[in-house]
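Take a look at the structure set out below.
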Amino acid sequence: MADIDKLFDIDISSGLGLWDETINTFYSKVMDLDVVVGGLLQRGVNFCGATTATRTGMIEYITINSAGNAAQFGDISGSKVARWCGGMSNGGNDRGLMGWTDDSNWIEYITISTTGDGVDFGNTFVANKGYAQGTSNGSNERGVTMGGYTGSYKVDIDYINISTLSNALDFGDWRTATFAMGQTSNYTNERAIGFGGVAGGSYITQIDYITINSTGNSQNFDDLLTTLGGCCGLSNGTNERGVCCGGYDGGNRVKTMEYITINSAATAIDFGDLLDERYGPMPCSNNTDERGVIMGGQDNVPAYVETIDYITINSPATATDFGDLYNNVARGTGGGFSNSGA
């Protein structure tokens, strides 16, 4: 109780300061603070992507450990819109980056625990490089995006210091020019993973990895059980499980999920199924609290969906309904991250 005045930036030393706040102001501060469990913040964010009618610049949020519908967070600045974009966060340090879109080179940032619009951060290393989900080493402050597409398949890996306004820099090369990989990491344990993707006109099973706090080319990890692209990746951080969710196998959108142990190379293992087929879903997780959330995407109709599912990352099983995207607007092919880290 002694630190509640610091937590909410109010004076309760006299025992009266808390009540001097209006109820509405206090409630707003609580909502923007988010729920803290086990020392981890619990806000997940999705951004941009496409609807049936158009690309969007919307940003939405959820509280990961509390099922429900997404709420409005803000918008990308300047009426910008994007799909097949990338993003990452620095975990509990509370900054998320958004960009790596297929038609521009902008990067914007938000403070995850505070709703509002995006703010200019810098530029991507390769202009117009979309289809690169992105991931990070969390509170160690480095974000990476791997592969991508600019009208041709890309090998480029770029990196950025999340805490410092700057442009992205060259990291190295992916082994194969690839786009639409699922991407995740084991957080501060410094390994980033790329699942599958599209290379040479074909969907592939390849899994590669890099060491985030170094630079260099990717190394072979092993393979997925099936060819996949347009999947999303998420993890339980330093608990070392990465999950590849949904995607397209070259013939159909799929609802399957596969998992790996990030620090131990081996072929992926079946995890279970999403509630429906999902191509281009937007992921986040609450790190070692073990919940992964898969938001939106496109089904086999094909039509965008507003569905949000969740899984318990350390327990393979079929996904469970979480809620729906904001205002039930069906959307996919955007990005996602959280202030829990993964």
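A compact table of results
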quantity: Those strands (runs of 3 or more DSSP E) lying entirely in segment 129-202 with at least 1 residues over 13 Å from the mean Cα position of the chain (by Cα) and within 24 Å of Pro281 (Cβ to Cβ); calculated: 142-149, 153-161, 191-195
quantity: Inter-residue pairs, beta-carbon under 6 Å, first modelled with pLDDT of 95 or more and among the hydroxyl-bearing types (Ser, Thr, Tyr) and in segment 172-187, second surrounded by fewer than 24 Cβ atoms within 10 Å (Cβ to Cβ) and outside any strand (DSSP E or B), 6+ apart; calculated: Tyr187/Thr238
quantity: Segment 286-301 residues that are without any contact (Cβ under 8 Å) to a residue 40 or more places away in the chain, paired with ones that are assigned to a loop (DSSP other than H, G, I, E, B) and not hydroxyl-bearing (Ser, Thr, Tyr) (beta carbon under 7 Å, 6 or more apart); calculated: none
quantity: Criterion (within 18 Å of Thr51 (Cα to Cα) and either in contact (Cβ under 8 Å) with a residue 40 or more places away in the chain or not aromatic (Phe, Trp, Tyr) (or both)) met by exactly one of Asn328, Asn252; calculated: Asn328
quantity: Matching residues in segment 55-109 - criterion: being more than 14 Å from the chain's Cα centre (by Cα), over 25 Å from Asn328 (Cα atoms) and not charged (D, E, K, R); calculated: Gly92, Asn93, Ser104, Asn105, Trp106, Ile107
quantity: Options Gly297, Gly341; residue that is at pLDDT below 95 and crowded, with 18+ Cβ neighbours inside 10 Å; calculated: Gly341
quantity: Meets criteria (in contact (Cβ under 8 Å) with a residue 24 or more places away in the chain and in contact with a Leu (Cβ under 6 Å, 6 or more places away or on another chain)) for Gly237; calculated: no
quantity: Unmet criterion (only one of (1) crowded, with 17+ Cβ neighbours inside 10 Å; (2) within 15 Å of Ile204 (Cα to Cα)) for Gly250; calculated: (1)
quantity: Matching entry among Thr227, Thr215, Thr205 (being among the polar types (S, T, N, Q) and either surrounded by 24 or more Cβ atoms within 10 Å (Cβ to Cβ) or not in a strand (DSSP E or B) (or both)); calculated: Thr215
quantity: Residues located in segment 296-312, provided they are touching a Phe, Trp or Tyr at 6+ places or on another chain (Cβ under 8 Å) and not hydroxyl-bearing (Ser, Thr, Tyr); calculated: Gly296, Gly297, Gln298, Asp299, Pro302, Ile308, Asp309, Ile311
quantity: Asp273 being surrounded by fewer than 19 Cβ atoms within 10 Å (Cβ to Cβ) and acidic (Asp, Glu); calculated: yes
quantity: Members of segment 300-336 that are at positive phi and buried (at least 23 other Cβ atoms within 10 Å of the Cβ); calculated: Thr333
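The values are calculated or read from the model by the stated rules, or taken from the named source; none is laboratory data. Just so it is clear, the model here is predicted, and its values are computed rather than measured. With ideal geometry, Cβ positions are generated from the backbone for all residues, glycine too; neighbour counts draw on all protein chains shown.
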